[in-house]
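Enquirer: Quick one: structure below, then a few questions.
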């Protein structure tokens, strides 16, 4: 048996298991209110069967949506919650699925099942027949769904990933700079006042306390504006887990986006080679190279759909905890 077939079957079976686990975990979370969770939940709906190309197109558009949502969190942190509400995101997901299904209706309607006589076995077998307009439908579909759609998805996800990575790096630098400033201010407050060296009495306790509270309130206001739209700011200037959750979500979406970019590249190479390179098709000069490329594309697209589970497990602690509960494990205190 061909090695690519064995690998393909293994990846498909593993993908079905891991996508089922991801679906079960996301259904236990706040997918009704969280825009990222509901989008990742939609991304787990993938079938490794005959209409797999349709589900791949839908998952590509879903990846664009979730990366765009996180990109807007970086570019427009104060407006993203009002722009992409959970209701609007669900409507966009329904639109993606509706358009994706609609684009495949002409393809499905141009083929049918028919009984034919097999002269080799002298038996009647059930085969797939095609209509007279099948070639035109397939040509138009390949241009729109395979060439144009996948190119747009690839470019958009690359741009969104770059913006997310840049925003995450800026956030790390900002927090490091803020930590250094707090350390310097703490040292300044704890050191003796300059006036004490001249014999001047220290300021009253209530004045020093008021001064510290004013400075602390100023820092809290700055942090509130920085993280508004991503969560609530707790009292006394402490962010209640929002920054960690923000980083975790960015890492998960960036991981999904990078995986899509890597696995979608062979598909784009095959599509452009078929359209630009002479003889790169079935029954032509470079048929064997074309068939090898198709095997690679099948494996990479299947890996893309199956490996998101690993991204969630590595970068999302909440996903790991819920997965452990789902599997009957005990949480460590």
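The values are calculated or read from the model by the stated rules, or taken from the named source; none is laboratory data. Everything quoted here is computed from the prediction, not taken from an experiment. Please note: Cβ atoms are built from the backbone with ideal geometry, for glycine as well, and neighbour counts cover all protein chains shown.
Enquirer: Go through (1) surrounded by 19 or more Cβ atoms within 10 Å (Cβ to Cβ); (2) at pLDDT 90 or above; (3) farther than 27 Å from residue 35 by Cβ one by one and return the number of the condition residue 298 breaks.
Expert: Checking residue 298 against (1) surrounded by 19 or more Cβ atoms within 10 Å (Cβ to Cβ); (2) at pLDDT 90 or above; (3) farther than 27 Å from residue 35 by Cβ, the one that fails is (2).
Enquirer: Scan region 271-295 for residues that are at pLDDT 85 or above and at positive phi and report the count.
Expert: Summing the residues that are at pLDDT 85 or above and at positive phi in region 271-295 gives 1.
Enquirer: Kindly indicate the residue of region 39-75 that is without any contact (Cβ under 8 Å) to a residue 60 or more places away in the chain and part of a loop (DSSP other than H, G, I, E, B) and also surrounded by the fewest Cβ atoms within 10 Å (Cβ to Cβ) among those meeting that condition.
Expert: Looking at the filtered set, the residue picked out is 50.
Enquirer: Which of (1) in a loop (DSSP other than H, G, I, E, B); (2) at pLDDT 90 or above is the odd one out, the single condition residue 331 does not satisfy?
Expert: Of the numbered conditions (1) in a loop (DSSP other than H, G, I, E, B); (2) at pLDDT 90 or above, the odd one out for residue 331 is (2).
A quick yes/no check of all residues on (1) in contact with a strand residue (DSSP E or B) (Cβ under 9 Å, 6 or more places away or on another chain); (2) loosely packed, with under 11 Cβ neighbours inside 10 Å; (3) modelled with pLDDT under 90:
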position: 129; (1), (2), (3): yes, no, yes
position: 132; (1), (2), (3): no, yes, yes
position: 135; (1), (2), (3): no, no, yes
position: 142; (1), (2), (3): no, no, yes
position: 156; (1), (2), (3): no, no, no
position: 173; (1), (2), (3): no, yes, yes
position: 197; (1), (2), (3): no, yes, yes
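Enquirer: Count, please, the residues in region 275-288 that happen to be surrounded by 13 or more Cβ atoms within 10 Å (Cβ to Cβ) and assigned to a helix (DSSP H, G or I).
Expert: Number of matching residues: 2.
Enquirer: Starting from region 89-114, take each residue that is outside any helix (DSSP H, G or I) and list its partners that are surrounded by 14 or more Cβ atoms within 10 Å (Cβ to Cβ), counting only C-beta distances under 8 angstrom and pairs at least six apart or across chains.
Expert: Here the result reads 110/134; 110/137; 110/138; 111/134, each pair linking region 89-114 to a residue that is surrounded by 14 or more Cβ atoms within 10 Å (Cβ to Cβ).
Enquirer: Give the residues of region 76-90 that are surrounded by fewer than 17 Cβ atoms within 10 Å (Cβ to Cβ) and closer than 17 Å to residue 45 by Cα, sorted by residue number.
Expert: Listed by number, the list holds a single entry, 90.
Enquirer: Still on this model: Would you be able to tell me the number of residues in region 289-313 that are within 14 Å of the chain's Cα centre (by Cα) and in a helix (DSSP H, G or I)? If you could, list the steps in order and put the result at the bottom.
Expert: Filtering region 289-313 for residues within 14 Å of the chain's Cα centre (by Cα) gives 304-313.
Retained after the next criterion (residues that are in a helix (DSSP H, G or I)): 304-306, 308-313.
Total satisfying the criteria: 9.
Enquirer: Taking the condition over 25 Å from residue 35 (Cα atoms), modelled with pLDDT of 90 or more, in contact with a helix residue (DSSP H, G or I) (Cβ under 8 Å, 6 or more places away or on another chain) and not in a loop (DSSP other than H, G, I, E, B), does residue 323 pass?
Expert: Numbers: over 25 Å from residue 35 (Cα atoms): no; modelled with pLDDT of 90 or more: yes; in contact with a helix residue (DSSP H, G or I) (Cβ under 8 Å, 6 or more places away or on another chain): yes; not in a loop (DSSP other than H, G, I, E, B): yes.
Spelling it out, it is not the case that residue 323 is over 25 Å from residue 35 (Cα atoms), modelled with pLDDT of 90 or more, in contact with a helix residue (DSSP H, G or I) (Cβ under 8 Å, 6 or more places away or on another chain) and not in a loop (DSSP other than H, G, I, E, B).
Enquirer: Going residue by residue through region 3-12, is there one that turns out to be crowded, with 19+ Cβ neighbours inside 10 Å and modelled with pLDDT of 90 or more?
Expert: no
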